[in-house]
Amino acid sequence: MISFFRKIRQKLLQQNQVTRYLVYALGEIVLVVIGILIALQVNNWNIERNDRIAEKNALQDLKEEFSDQAKKLANAQKRRELSIDFFSRKLNYMKSGMLDSLIVYHPILNLGNTTLNAPNGVINSLISSGQINLISNDSLKYRLASWSEAVEDVREEEDNHFRFVGTEFLPYLERNLPLTIVNFQLVNENGEQLFYSENQVKDFYAKMIRDLEYQNLCIMNSNWNQIAILEYSDLQKDLDHIRTLIENELEK
């Protein structure tokens, strides 16, 4: 093809047709430019197509990750709600003085100090690799970029609860209950009495539940769980919005 154009140019020059040569040369340049532009456009189309394929794959991975996060968030909230119910009943029993009912509720079970183990592997990978820019929906991109920070804020509150349990609640129990009844086992597998009789265990509890410090610790623990549930609720709203945006993008 190149030799063909070259022969035409040489023929025009030999015939001393300079004007026609210049027009032809200009036309040839135009054709070359048009060819380059077409090649660039095709290349852009291919890049755009590959980016959209990569975006769909990333969105599908995000959909699965956020589905898993939704389950973990629901489980964490359920444990917190069970803890609040547990301590609510415990406080009611304290008020009524029904020790026989209180004895059923172990003092260190259902504290609710759990950690939201929400995996962010896909999001972190997209951000660190710069592929977050593949997400064409700006609202979704922004929420994804801020999601890890929102989860970290929740975990900070969880850490505060853990510190409360570790530095205040459990040390109180250690000071006021023998470790031999912490697991609330009065008899062994053979039915033989262990360290304390049931009446002795009840005496330990009777003294403890009348202690204002213990009552306050129970209330404070419930408050920490309430705070966590509020944090989870805000996080749930963000999660639901992100999942909706992802679904909308996948349906396009």
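No lab work stands behind these numbers, since they all come straight from the coordinates. This is a predicted model, so every value here is computed, not measured. Every residue, glycine as well, gets a Cβ built from its backbone with ideal geometry; the counts of neighbours run over all protein chains shown.
What does the charge add up to near F86, with Lys and Arg as +1, Asp and Glu as -1, over the other residues with Cβ less than 14 Å from its Cβ?
For residues surrounding F86, the net value is +3.
From the backbone phi of the range 80-86, what are the Karplus-calculated ³J(HN,Hα) couplings (6.51 cos²θ - 1.76 cosθ + 1.60, θ = phi - 60°) in whole Hz, Gly and Pro given as x?
5, 5, 5, 5, 4, 4, 4
When Lys and Arg each count +1 and Asp and Glu each count -1, what net charge do the other residues less than 14 Å away from Y214, Cβ to Cβ, add up to?
It works out to a net charge of +1.
Checking the cross-link filter: which aspartates and glutamates have an alpha carbon closer than 16 Å to that of K90, excluding same-chain neighbours under 8 positions apart?
K90 reaches E81, D100, D211, E213.
Net charge around K56, counting only other residues with Cβ within less than 12 Å of its Cβ (Lys, Arg = +1; Asp, Glu = -1)?
Within the 12 Å Cβ shell, the charges total -1.
Per residue of the range 205-220, in order, report the coupling 6.51 cos²θ - 1.76 cosθ + 1.60 (Karplus, θ = phi - 60°) as ³J(HN,Hα) in whole Hz, putting x for Gly and Pro.
5, 4, 5, 6, 6, 8, 7, 4, 4, 5, 4, 5, 4, 5, 5, 5
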